[in-house]
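The values are calculated or read from the model by the stated rules, or taken from the named source; none is laboratory data. None of these values were measured; they are calculated from a predicted model. For neighbour counting, all protein chains shown are included, and Cβ atoms are generated from backbone atoms with ideal geometry for every residue, glycine included.
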């Protein structure tokens, strides 16, 4: 692992903060803060690559900031991407060190581009370069990634090496992936697909939903088409997802007891669902209480995020001074 202890990660202000995003990313961010120099950004520039509404984008950006703080992200580690315009400045420069062919082979470009064939934004093609700029502008050595982001990190590494060759020195650290054990949370309505806001309300469980809503969604979770309880075959995807949610919610004792019931064939799905719902409601309650407190003085919280963004921007400005000098750009 790199000795560079700076971690950079981002999250788009699109849709709700559901338990898939919370357990799969945000809870991990909270833990990493205790060991690393962490920079977490709300990537509102990235949210523009697909059709969007200006008013909604602004609302979602601030809402996500409040949500992340409520989840335990430290305010000094959090900033809004558009408040640091140097990201887009470096993006242009790194575009000139990027391969068009490599960008067209990006899996997410091919997947998302196919969703709207009438208009495919050029930003959708080049946003992995903006991701590279996001990372490299802070000379981050570590990036927490999931399997679906490996291709983009590899592009960032290629761009860094290409720029370093041009500079004749190792200016940008070549970032390394940080693989941490995080649960893969699936939709309770279709456990073959990841929990996602884009799939619709029934496919995600909002961390900020009321208790009644959370319990209703867990009660309606897909298990399998067999009888009530385990069998000699492999565990169904729906049941496995419920156990994964229970474990992620920190209910290890209940998880062990119910797993023993499953293995003996004595498990009642109603009991499993009730226990999972209890766990999620407890997690949500603590976060929701902090959110209520934060929203009692919205102005102070927004000022705090603007201040942290300004302080983090100074790090980006220092990098850009050096990059412009290397590239022969007049300053």
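Restricted to the range 186-201, and to residues that are at pLDDT 90 or above and farther than 18 Å from residue 224 by Cβ, which residue is surrounded by the most Cβ atoms within 10 Å (Cβ to Cβ)? Walk me through it before giving the result.
Within the range 186-201, the first condition is being at pLDDT 90 or above, and the residues that meet it are 186-195.
Adding the requirement that they be farther than 18 Å from residue 224 by Cβ leaves 194-195.
On the way: 194: 17, 195: 25.
My answer is 195.
Restricting attention to the range 55-73, does a residue exist that is closer than 17 Å to residue 140 by Cβ, modelled with pLDDT of 95 or more and touching a strand residue (DSSP E or B) at 6+ places or on another chain (Cβ under 8 Å)? Let's see the steps before the verdict.
First, the residues of the range 55-73 that are closer than 17 Å to residue 140 by Cβ: 73.
Remaining after also requiring modelled with pLDDT of 95 or more: 73.
Filter once more, keeping what is touching a strand residue (DSSP E or B) at 6+ places or on another chain (Cβ under 8 Å): 73.
The answer is yes, given that some residue of the range 55-73 is closer than 17 Å to residue 140 by Cβ, modelled with pLDDT of 95 or more and touching a strand residue (DSSP E or B) at 6+ places or on another chain (Cβ under 8 Å).
Is the range 234-249 home to any residue that is surrounded by fewer than 17 Cβ atoms within 10 Å (Cβ to Cβ), farther than 29 Å from residue 50 by Cα, without any contact (Cβ under 8 Å) to a residue 40 or more places away in the chain and under 17 Å from the mean Cα position of the chain (by Cα)? Scanning the range 234-249, I find no residue that is surrounded by fewer than 17 Cβ atoms within 10 Å (Cβ to Cβ), farther than 29 Å from residue 50 by Cα, without any contact (Cβ under 8 Å) to a residue 40 or more places away in the chain and under 17 Å from the mean Cα position of the chain (by Cα), so the answer is no.
Per this entry, residue 17 is not counted among residues that are farther than 21 Å from residue 129 by Cα, assigned by TED's automatic domain parsing to the domain that holds residue 175 and out of contact with any helix residue (DSSP H, G or I) (no Cβ under 9 Å at 6 or more places or on another chain).
Scanning the range 151-179 for residues that are surrounded by fewer than 23 Cβ atoms within 10 Å (Cβ to Cβ) and under 22 Å from residue 33 (Cα atoms) gives 153, 173, 174, 176, 177, 178, 179.
Which one is modelled with the lowest pLDDT, of the residues in the range 139-157 that are in contact with a helix residue (DSSP H, G or I) (Cβ under 7 Å, 6 or more places away or on another chain) and closer than 24 Å to residue 108 by Cα? Lay out the reasoning, then the answer.
First, pick out the residues of the range 139-157 that are in contact with a helix residue (DSSP H, G or I) (Cβ under 7 Å, 6 or more places away or on another chain): 139, 143-145, 151-152, 155-156.
Imposing the further condition that a residue be closer than 24 Å to residue 108 by Cα reduces the set to 143-145, 151-152, 155-156.
Values: 143: 93, 144: 91, 145: 82, 151: 86, 152: 87, 155: 95, 156: 96.
Applying the filter and picking the extreme gives 145.
Here is a yes/no grid of residues against (1) surrounded by fewer than 19 Cβ atoms within 10 Å (Cβ to Cβ); (2) outside any helix (DSSP H, G or I):
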{"position": "9", "(1), (2)": "no, yes"}
{"position": "22", "(1), (2)": "no, no"}
{"position": "39", "(1), (2)": "no, yes"}
{"position": "44", "(1), (2)": "no, yes"}
{"position": "51", "(1), (2)": "yes, yes"}
{"position": "62", "(1), (2)": "yes, no"}
{"position": "79", "(1), (2)": "no, yes"}
{"position": "91", "(1), (2)": "no, no"}
{"position": "101", "(1), (2)": "yes, no"}
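Scoring residue 267 on the criteria (1) crowded, with 18+ Cβ neighbours inside 10 Å; (2) in contact with a helix residue (DSSP H, G or I) (Cβ under 6 Å, 6 or more places away or on another chain); (3) part of a helix (DSSP H, G or I) leaves a single failure, condition (3). With respect to the conditions (1) surrounded by 18 or more Cβ atoms within 10 Å (Cβ to Cβ); (2) within 30 Å of residue 133 (Cβ to Cβ); (3) under 25 Å from the mean Cα position of the chain (by Cα), residue 323 falls short on a single one, namely (3).
Scanning the range 172-187 turns up at least one residue that is in contact with a helix residue (DSSP H, G or I) (Cβ under 6 Å, 6 or more places away or on another chain), in the same structural domain as residue 23 (by TED's automatic domain parsing) and farther than 23 Å from residue 27 by Cα.
Every test in (1) surrounded by 15 or more Cβ atoms within 10 Å (Cβ to Cβ); (2) at negative phi; (3) outside any helix (DSSP H, G or I) is passed by residue 72 save one, and that test is (2).
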